[in-house]
Amino acid sequence: VENILRSAEIITVEDCMCRVKWHKCDAPLDVCISLDEKAREAMKSGAKRVSLAHALVVLKRSHNAGLVHLAFTYKGNEKPEVICSCCSCCCHSLSALVRFGIPDHVVASEYIASNNDETCDNCGTCVQRCQFHARQLINDKLVFNPTKCFGCGLCVSTCQTKSITLVKRKPI
C-alpha cells in the first residue's frame, strides 16, 4: 500500500461513509483514502488533502484497530484510486465477502495466511482479529479454514509466536 501511496500525485482522507451510516462499531472513521483523480473528486465533497506521512499514519492506525485495507480499482484503470480500511460489520463490500462467501467477485487478494501448527500456542489473538471468521478455537485448539481466509494480514501482525505468515495464494 505504501508503494501505491508513493506513486500518487494527490492523497486525500475522509470519513468512512459505511461506518458513518451504520455506526455498528467504534473503529476510527477518518480512514478512507483517495488518490489522484478520485482525490480531486473527493476534495469537492470535503475530503482533506494530506501528505504521504499522514496517510501512512492513517493506515497504521486503522490496521491497529483491526480494519482490512481494500484497494479499489475502477474499470479502465489498473492503478488503485481508493484505499478503504473496512470492518465486516459496516462495509458493504467486506460484509458481502463474509456473509455470502464470494471472494474474487467483490474484491480479491493474491495472498492467504499460512500457519505453523508446531509453534502456535493457541492463544486466540488471531481469532479475535480475523474479520472473515476463518479462525476458531475449538477445545482450546486453533482451527483454520483457508477457504474463508482473505489474506489481509491482520492475524500475521499480532501473532506473538510468529506462527502465521502470508503466502501467495495458489490458483484454483
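The values are calculated or read from the model by the stated rules, or taken from the named source; none is laboratory data. Since the model is a prediction, treat every value here as computed from it, not as a measurement. Cβ atoms come from the backbone with ideal geometry, glycine included; neighbour counts cover every protein chain shown. Quick note on the areas: whole protein, heavy atoms, side chains included, nothing else; ligands and nucleic acids left out. Shrake-Rupley method; radii C 1.70, N 1.55, O 1.52, S 1.80 Å.
Determine the gain in length on full extension of the stretch Thr125-Ser7; use 0.36 nm per residue of separation and subtract their C-alpha separation, reporting nm with one decimal. Don't jump to the answer; show the numbers that get you there.
Working: separation 118, 0.36 × 118 = 42.48 nm, distance 3.41 nm.
So the chain would gain 39.1 nm between Thr125 and Ser7.
Within the chain, what is the longest stretch that has no GluC sites (Glu not before Pro) placed in a DSSP loop and near at most 13 other beta-carbon atoms within 10 Å? Present the calculation step by step, with values, prior to reporting the outcome.
On the way: sites that count: Glu9, Glu110, Glu118.
The longest uninterrupted stretch comes out as 10-109.
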Handout entry: Computed [θ] at 222 nm, deg cm²/dmol, the chain (DSSP H ≥ 4; -39,500 (n - 2.57); rounded to nearest 500)
Key = -8000 deg cm²/dmol
Exercise for the section: Return the single residue from Cys18, Cys32, Cys84 with maximal mean-square fluctuation; model: Gaussian network over the chain, springs between Cα atoms under 10 Å. Expected result: Cys18
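Convert 10 °C to kelvin, take the viscosity as 1.306 mPa s, use the Kirkwood radius over C-alpha pairs of the stretch 112-172 as Rh, and evaluate the Stokes-Einstein diffusion coefficient in µm²/s, rounded to a whole number.
Reported coefficient: 138 µm²/s.
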Exercise for the section: State the answer as a single residue: which of Asn116, Leu137, Leu166 lies farthest towards the positive end of the charge dipole of the stretch 108-172, with beta carbon charges of +1 for Lys and Arg and -1 for Asp and Glu, about the Cα centre. Expected result: Leu166
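Suppose R0 equals 30 Å. What FRET efficiency, 1/(1 + (r/R0)^6) with r the Cβ-Cβ distance, do Lys75 and Leu52 give to the nearest 0.05? If you can, show how the numbers build up before the last one.
Working: r = 27 Å, r/R0 = 0.89.
Step by step, r from the Cβ atoms, then E = 0.65.
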Problem - Inverse of mean 1/r across different Cα pairs in the chain, Kirkwood, Å - result: 17.0
Exercise for the section: Holding the Cα-Cα limit at 28 Å, pick out from Lys79/Lys168; Lys21/Lys170; Lys79/Lys148; Lys38/Lys148 the pairs that are longer than that. Expected result: Lys21/Lys170; Lys38/Lys148
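What percentage of the solvent-accessible surface of the chain, computed with a 1.4 Å probe over protein heavy atoms, is contributed by carbon and sulfur atoms?
Working: 5390 of 10260 Å².
Here it works out to 53 percent.
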Problem - Euclidean distance between Cα centres, the stretch 12-47 to the stretch 99-172, Å - result: 27
Completion exercise
Whole-percent tail of the Cα-Cα distance distribution for the stretch 84-144, cut at 15 Å, equals 57
Problem - Helix 52-64 vs. the chain, principal-axis angle (Cα, 0 to 90°, nearest 10) - result: 30
